[in-house]
Protein chains: 4
Amino acid sequence: MPARTYKVAVLGARGLVGQWFARMLSGHPWFKLTAVTSHEAVGAKYGKSVKWVIGGSVPAEFAELELVESDPKRIDADIVFSALPTEAARKLEPEFAREGFAVVSKAAAYRLDERVPLVVPEVNPDHLQLLEAQRGSWDGLLVADPNCTTTILALPLKPVADAYGVRRVVVTTLQAASGAGYPGVPSLDLIDNVIPYIAGEEEKVRDELLKIMGSLRGGRVEWAHFEVAATCTRVPVLDGHLESVYVETEKPVDPAEAVELMRRFRGRPQELKLPTAPEAPLVVLEGEDRPQPRLDRMAGSVPGMSVAVGRVRRGPSERSLMFVALGHNLVRGAAGSALLLAELLAAEGYV
Amino acid sequence: MPARTYKVAVLGARGLVGQWFARMLSGHPWFKLTAVTSHEAVGAKYGKSVKWVIGGSVPAEFAELELVESDPKRIDADIVFSALPTEAARKLEPEFAREGFAVVSKAAAYRLDERVPLVVPEVNPDHLQLLEAQRGSWDGLLVADPNCTTTILALPLKPVADAYGVRRVVVTTLQAASGAGYPGVPSLDLIDNVIPYIAGEEEKVRDELLKIMGSLRGGRVEWAHFEVAATCTRVPVLDGHLESVYVETEKPVDPAEAVELMRRFRGRPQELKLPTAPEAPLVVLEGEDRPQPRLDRMAGSVPGMSVAVGRVRRGPSERSLMFVALGHNLVRGAAGSALLLAELLAAEGYV
Amino acid sequence: MPARTYKVAVLGARGLVGQWFARMLSGHPWFKLTAVTSHEAVGAKYGKSVKWVIGGSVPAEFAELELVESDPKRIDADIVFSALPTEAARKLEPEFAREGFAVVSKAAAYRLDERVPLVVPEVNPDHLQLLEAQRGSWDGLLVADPNCTTTILALPLKPVADAYGVRRVVVTTLQAASGAGYPGVPSLDLIDNVIPYIAGEEEKVRDELLKIMGSLRGGRVEWAHFEVAATCTRVPVLDGHLESVYVETEKPVDPAEAVELMRRFRGRPQELKLPTAPEAPLVVLEGEDRPQPRLDRMAGSVPGMSVAVGRVRRGPSERSLMFVALGHNLVRGAAGSALLLAELLAAEGYV
Amino acid sequence: MPARTYKVAVLGARGLVGQWFARMLSGHPWFKLTAVTSHEAVGAKYGKSVKWVIGGSVPAEFAELELVESDPKRIDADIVFSALPTEAARKLEPEFAREGFAVVSKAAAYRLDERVPLVVPEVNPDHLQLLEAQRGSWDGLLVADPNCTTTILALPLKPVADAYGVRRVVVTTLQAASGAGYPGVPSLDLIDNVIPYIAGEEEKVRDELLKIMGSLRGGRVEWAHFEVAATCTRVPVLDGHLESVYVETEKPVDPAEAVELMRRFRGRPQELKLPTAPEAPLVVLEGEDRPQPRLDRMAGSVPGMSVAVGRVRRGPSERSLMFVALGHNLVRGAAGSALLLAELLAAEGYV
């Protein structure tokens, strides 16, 4: 538990991820949202200018916040959550870090930068040590939250990798429309249809996964060495990315044991009892036709923060494991994971 | 071109596959539909009793056909197309074969029976030699058409296997609702949802693929030996199964060459210019976001009879290839493929 | 507030309405669910035998309840909620009433029976006086909850009728798939499609509306006399019936005043502060493109218990009003409305 | 049959309506497409630069046409089909008319202009006489094709109006996503959802319908006088607008007779046997749950050119009629109707 509360800002607060940040920051025990930014509608009230499409309504306590520009000089906060588009993030995030803010970024711009830790809190919290080396450059700091698809894959893969080693991952994703933001995918493309391609996504999954699963050596992250073959598709689902995963392992796998390892899997957020940490990061479902996006995307003791896993079974060889994973792309895949990461920074004394 | 025309019957003519049989037999140059069966509505006119859900309308020339029972004694035909449920097929298909009919079955009952050839006409027409051994048992014959998902996978896999050898196939399918028939999948399960499981489908894909890709030795089919890891899902699409395929090969793959091999791939139906044979069994698409079910399921010079392939690319190692395949599950995956198989039987003199 | 708590049973507890009854009875301050029935799975635990498709999970406190037959002798309860199919309801509900149970029925069987009050608690609570006359026939009582579509229409119509009088209602509904239960509507009928017909629904809307809006005279309900022209359609939406309403009135309408009347509309449940009563039965939305099923079906201080109204505007003549209404068909349209009705019975001393 | 063939151009050829123009002009017996325009991609080949989303592929004979600006000086054609956005149409269409082109406009800009005939060929071909008065202003001419929703309503209303007179129309529409063009409606707005509002649509339906049903008096169109109350909604359907119609008539209605009148309804295009005229403009369906968009939007002897009508029934009074109408919004509602109108101009000697 940190000794104090923190002022936080959300950059790009009107988008889908920004809306989820607002929802999850409402009533947060440590963080107080004091600033929201947008490149449009500066000067307007947040509650009036946001097209709220995630269900429910704008949290009343944030409705009157006035939108400002994404400019470090206009913002009074300790922590800045960035939901900026990539190009804007590339320019602005270092400016915020330079000015002393702790930047927790949901943008892709610096995820593969070797100075920047790319962290799933339950998987590689030790990578935060990279922040030591940032101190020379910036008064603040910059940490990156992975792509939604990567996080949802990394969580169930972690206990498997620890127990059996990973040689190769073949994954096909069925991703929700909300992953493309709003307006995002035209309805003419998703009625009676699926799209077997998402620009840039497969490379992100591969590179980010290898960095997250990598080892910290001599103050640097050495990427993991296994093969990743990803195919990313878009399906007519509102929220929740489903991933069909095949893993080749170093050692023979016992699927029943793998289920137990997943069920018992806990990480640093659970040890620290962080406010947004679910009791179990992985929820293993029994039904042979689960997980399903509509029924399971809100899995977990903190809704949407657990990855639901099902159909855990051996593949064609004894050194292979297959399963299906599902996570809420805007919660565990975006706003929730970034929030958990900020809580980790606070609890570990980085901010 | 056969020397004569054939009378044909459709068993289970009121279902989705039966409806496609009727549509594709309308105006067929060799085959004349003379009998339709159903376990319900015996005595009714086909046109009145079928709930026609595939678009367009019942072919006028079949509307007045009277439904009869699936009983060999009630039917006058040379060839019988079976779209029966598995259990009915298990009982009835041998009866028809015994009574001298050539049975082309879309049912799963005998696909893995070692006496029964399981044939994709462009892939393993030589397996029809198994029919020689059937002559002892039956006056007629029984050939099986594979599961829709298997056929759509086997076609693009064939030229890859011929050129590079196959060691392992990892496939995730996104299958259309019509694959479950009518009424089939409840809409409550497919609005804002996908289902990551189809009962029995993954085993069918594996076993049938290995039999089809197997070799004829000493009058028997020796199954192929590669590994198959399949995950089958259901998505909110009317028609068209999409398959995300990862293949490990024996030899290094050149993806551009693989595209060329697919484009040039032809089989026995093309040599024989069978009426339902498309010019090219495989249509390789250029767009990086293709094939898509709504746009591409009717690909080919005979609509719905070609498999559309896209995103052909190398996997993480030089001995791997990835691609996406799409086929119309009720045409190339069912009625169309069975029809093509019957045409092959006729052209090769088996009937 | 009643002086005591009540034991309640749910007949037909495994269906969609039964699932919502279980959810809404979980933690209820007055009612304790003690029995669940089903014509299948008798003897099984509720939690194991129900296919829970409404999201979330079976309330833990009910998971161990054992399913029994819908037989008055097998059930110990004060109030019985019936979610039975019509035919079963016709037979069983009077048996329960005869044996002394207070039956609150969601079934259509007795809605138009002149002995049975058909009640929307905010609209015609006075019709409960019909129960006096039931006392001769039964030890218990039988009250009916209207069809979902009727309730969602009657609520916004009530303040309009009170202020301006109603001469004619023309309504077209866009109804959710869940209104047909599970499995209900096949997905092949609702992908890229709508169905412009729901069997029996239009007659129910007309007849039930006229009875509900009718007057109690001499111990009988005299139906209202206005015209009702309904067209009911099914659309690819999970939950939430949308209704496009045109009303011709006796007096000239001021639309701004009509909005105010709707906003201020309160009924007996609000006076009595019943546990399931929303603060406002009608929520009038501002956005010109609202209400929308996904965004507004959970409107109200008790989620799903308010009807969301939008687009309130004058029609082509000064004696006409048009608006769009939306209600959750399984909450305000079914389980929630029946629950509210039972609370009214308790608070008014009928049980 | 005209004495010659005509060169035609399509303004705004890359949009959805433009794509349907290209498809329907392919192989047209009278019209030869010689020019396509777009405000983007000028200089590119049509086949390469159009994102073809209507199924099938770009007609081969048009693929090599080079896109030019929408400038009368750049185009050699007799007839110009305008699928321009409203603002561009307002500026450009008179320029084309002035330069001698016959402009057939799908845009809304001049539909209500009193100099411009707004014509459904089967309903009010006599309104083309307004063109006489245009001769003073322009060397060419300008005629307008109505909004898709209006046309689909006007066709079945015409025989009803002729036989019984119309006092009032109350209509609720369920409109397809393609009516908003591409990209159009975001998928997040149409998964598990409908939208009860389409900007400007209800006014268009009312005003255009009254003009079309109006009478030519003294060289001007006197609008019809009946009341129109429209509510327009958007549903998750690709193509096909469904309209739920309630009509109050001057005289008592016999529904069976109304069905016959609809079935026998023919117009000037049928007399003239225009190439794009369906044998019957109205197809009355028997099934109580028809018409449905997916099954019936291609109704008619010229696919998509007939309006499918179903559920024809009396309303609550003897002077009322109710029915459901469905038309393909891009065919009979746009490109097809404009094409038919141009054929009428040619056959009647206006061009």
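The values are calculated or read from the model by the stated rules, or taken from the named source; none is laboratory data. If you're wondering where the values come from, they're calculated on a predicted model, not measured in any experiment. With ideal geometry, Cβ positions are generated from the backbone for all residues, glycine too; neighbour counts draw on all protein chains shown.
With respect to the stated conditions, residue B:339 is under 15 Å from residue B:276 (Cα atoms), buried (at least 24 other Cβ atoms within 10 Å of the Cβ) and in contact (Cβ under 8 Å) with a residue 60 or more places away in the chain.
Screening the candidates A:131, A:188, A:141, A:153 for the property of being within 12 Å of chain B (Cβ to nearest Cβ) and at pLDDT 95 or above yields one hit, A:188. Scanning region C:39-78 for residues that are basic (Lys, Arg) and either touching a helix residue (DSSP H, G or I) at 6+ places or on another chain (Cβ under 8 Å) or surrounded by 14 or more Cβ atoms within 10 Å (Cβ to Cβ) (or both) yields one hit, C:45. Within region A:216-244, the set of residues being in contact with a helix residue (DSSP H, G or I) (Cβ under 9 Å, 6 or more places away or on another chain) and more than 13 Å from every other protein chain (Cβ to nearest Cβ) comprises A:216, A:219, A:220, A:221, A:223.
Report yes if residue A:259 is among the hydrophobic types (A, V, I, L, M, F, W, C) and under 27 Å from residue B:230 (Cα atoms), otherwise no. Against the criterion (among the hydrophobic types (A, V, I, L, M, F, W, C) and under 27 Å from residue B:230 (Cα atoms)), residue A:259 qualifies. When the residues of region C:221-265 are filtered to those that are closer than 30 Å to residue C:181 by Cβ and of a type in the set (Phe, Trp, Tyr), the one that is farthest from the chain's Cα centre (by Cα) is C:246.
Before we move on, is residue D:302 buried (at least 24 other Cβ atoms within 10 Å of the Cβ) and not assigned by TED's automatic domain parsing to the domain that holds residue D:97? Answer is no for this residue.
Here residue D:33 meets each of (1) farther than 21 Å from residue D:345 by Cα; (2) more than 14 Å from chain A (Cβ to nearest Cβ) with one exception, condition (1). Return yes when residue D:263 is at pLDDT 95 or above, within 21 Å of residue D:239 (Cα to Cα) and among the basic types (Lys, Arg) and no when it is not. Judged against the criteria, residue D:263 is not a match. Each residue in region B:18-29 was checked for being part of a loop (DSSP other than H, G, I, E, B) and in contact with a Phe, Trp or Tyr (Cβ under 6 Å, 6 or more places away or on another chain), and 0 of them qualify.
Residues of region B:204-215 that are farther than 26 Å from residue A:193 by Cβ and within 13 Å of chain A (Cβ to nearest Cβ): B:206, B:207, B:209, B:210. If the condition is being closer than 22 Å to residue D:19 by Cβ and part of a loop (DSSP other than H, G, I, E, B), then region D:79-110 contributes D:83, D:84, D:85, D:101, D:106, D:107, D:108, D:109. Would it be correct to say that residue D:309 is away from every other protein chain (no Cβ under 14 Å) and in contact (Cβ under 8 Å) with a residue 24 or more places away in the chain? In short, no.
Residues in region C:100-118 include at least one that is crowded, with 21+ Cβ neighbours inside 10 Å, farther than 20 Å from residue C:333 by Cβ and touching a helix residue (DSSP H, G or I) at 6+ places or on another chain (Cβ under 8 Å). Among the residues in region B:227-236, are any closer than 19 Å to residue B:308 by Cβ, of a type in the set (Asp, Glu) and surrounded by 15 or more Cβ atoms within 10 Å (Cβ to Cβ)? Within region B:227-236 (the criterion being closer than 19 Å to residue B:308 by Cβ, of a type in the set (Asp, Glu) and surrounded by 15 or more Cβ atoms within 10 Å (Cβ to Cβ)), the answer is no, since none of the residues qualifies. Number of residues in region B:45-78 that are part of a loop (DSSP other than H, G, I, E, B) and of a type outside the set (Asp, Glu): the value is 15. Residues of region A:157-178 that are away from chain B (no Cβ under 14 Å) and touching a helix residue (DSSP H, G or I) at 6+ places or on another chain (Cβ under 7 Å): A:159, A:160, A:163. Restricting to region B:26-38, give me the number of residues that are surrounded by fewer than 22 Cβ atoms within 10 Å (Cβ to Cβ) and either touching a residue at least 60 places away in the same chain (Cβ under 8 Å) or in contact with a His (Cβ under 9 Å, 6 or more places away or on another chain) (or both). Residues meeting the conditions: 3. Being of a type in the set (A, V, I, L, M, F, W, C), free of Cβ contacts under 8 Å to residues at least 40 places away in the same chain and farther than 22 Å from residue A:206 by Cβ is a property that residue B:277 lacks.
Of the residues making up region D:161-179, those that are buried (at least 21 other Cβ atoms within 10 Å of the Cβ), among the hydrophobic types (A, V, I, L, M, F, W, C) and not in a strand (DSSP E or B) are D:176, D:177. Restricting region B:112-127 to residues that are hydrophobic (A, V, I, L, M, F, W, C) and assigned to a loop (DSSP other than H, G, I, E, B), the residue that is farthest from residue B:209 (Cα to Cα) is B:116. Selection of region B:137-162 for residues being over 15 Å from residue B:249 (Cα atoms) and β-branched (Val, Ile, Thr) yields B:143, B:149, B:150, B:151, B:152. Checking each residue of region B:202-211 against the condition of being in contact with a helix residue (DSSP H, G or I) (Cβ under 7 Å, 6 or more places away or on another chain) and of a type in the set (Asp, Glu) gives at least one match.
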